[in-house]
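Colleague: My questions will all concern the structure given below.
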Amino acid sequence: MAIIAVSCNQSSTKNNEQSTVTSDVPAIQEPSKENDSETSTDNEAIAKAGNFSISPIITDYLTLKNALVSDDDKAAANAGKALLATFNKVDMNTIPADKHKEYMDIADDAKEHAEHIGDNVGNIAHQREHLAVLSEDVKDLIALFGTSKKLYQDHCPMFNDGKGAIWLSESKEIKNPYYGSEMLTCGNVQQELK
């Protein structure tokens, strides 16, 4: 484990083929309609399970984080509500079975934090406390499902009484959501997430 010392300052820095069947080759019997619908339903479920993406979750998270960067508790509350709605719209049939339980554990926690942020207009400090845990949840979702977006895991060493906290960003430029304009450039990039 490496320890990084950071000082905060105010500087900015199927393919279908057609074949011809000749009369001497026996024809392949078509499956019954009953089997067609069962097979179709099974195939649809398999296809759905491969289509899950956390991109909408990440997009809403970034909107929320950026509102806190801008010290905008109302926009943060709206973004928290939007993030909660996005989690609630997830089609559970699209989540691969081997990842379903872990997703549910992470999502349940993340929804709680998004809800708290949404319910706390006028209390930006409380919104920021919940962002710290929500950021860990979104990072865990990225570790579980990956992302097509280029994201950075940033760290503020001073937040939470010096215990520090991470946030995820779409930019390498440090814009701290925990302190906003008070200490906008406090922090460092820890890693690029893929």
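Colleague: Need pairs with beta-carbon distance below 7 Å; first residue more than 15 Å from Ser171 (Cα to Cα) and within region 62-77, second among the hydroxyl-bearing types (Ser, Thr, Tyr) and surrounded by fewer than 16 Cβ atoms within 10 Å (Cβ to Cβ); sequence gap 6+ or separate chains.
Modeller: Short answer, once both residue conditions are applied: Asp71/Ser181.
Colleague: Of the residues that sit in region 105-154 and are of a type in the set (Asp, Glu) and surrounded by fewer than 19 Cβ atoms within 10 Å (Cβ to Cβ), which one is farthest from Lys65 (Cα to Cα)?
Modeller: In this case the residue turns out to be Asp105.
Colleague: As an exercise: evaluate Lys149 against (1) within 15 Å of the chain's Cα centre (by Cα); (2) part of a helix (DSSP H, G or I); (3) under 20 Å from Lys175 (Cβ atoms) and give the number of the one condition it does not meet.
Modeller: Every listed condition holds for Lys149 apart from (2).
Colleague: Okay, next question. Go through region 176-185 residue by residue and tally those that are surrounded by fewer than 22 Cβ atoms within 10 Å (Cβ to Cβ) and either touching a Ser or Thr at 6+ places or on another chain (Cβ under 9 Å) or of a type in the set (Asp, Glu) (or both).
Modeller: 5
Colleague: Moving on to the next point. Look at Ser12 and say whether it is at pLDDT below 50, within 30 Å of Val121 (Cα to Cα) and either exposed (fewer than 11 other Cβ atoms within 10 Å of the Cβ) or of a type in the set (Ser, Thr, Tyr) (or both).
Modeller: It is true that Ser12 is at pLDDT below 50, within 30 Å of Val121 (Cα to Cα) and either exposed (fewer than 11 other Cβ atoms within 10 Å of the Cβ) or of a type in the set (Ser, Thr, Tyr) (or both).
Colleague: Kindly indicate whether Asp119 is of a type in the set (Asp, Glu) and farther than 21 Å from Ala77 by Cβ.
Modeller: No: the conditions fail for Asp119.
Colleague: Just for region 155-175: of the residues that are part of a loop (DSSP other than H, G, I, E, B) and touching a Gly at 6+ places or on another chain (Cβ under 8 Å), which one is surrounded by the most Cβ atoms within 10 Å (Cβ to Cβ)?
Modeller: Looking at residues that are part of a loop (DSSP other than H, G, I, E, B) and touching a Gly at 6+ places or on another chain (Cβ under 8 Å), I get Ile174.
Colleague: Moving on. Testing Ile58 on (1) at pLDDT 95 or above; (2) touching a helix residue (DSSP H, G or I) at 6+ places or on another chain (Cβ under 6 Å), one condition comes back false. Which one is that?
Modeller: (2)
Colleague: Out of Ala97, Ala114, Ala110, Ala143, report the one residue that is over 15 Å from Ile57 (Cα atoms) and not charged (D, E, K, R).
Modeller: When all the criteria are applied, what remains is Ala97.
Colleague: Somewhere in region 123-140, is a residue modelled with pLDDT of 95 or more and part of a loop (DSSP other than H, G, I, E, B)?
Modeller: Among the residues of region 123-140, at least one is modelled with pLDDT of 95 or more and part of a loop (DSSP other than H, G, I, E, B), which makes the answer yes.
The values are calculated or read from the model by the stated rules, or taken from the named source; none is laboratory data. Bear in mind the structure is a predicted one, so any value in this text is a computation, not a measurement. Don't worry about glycine lacking a Cβ; one is built from the backbone with ideal geometry, like all the others, and counts go over all protein chains shown.
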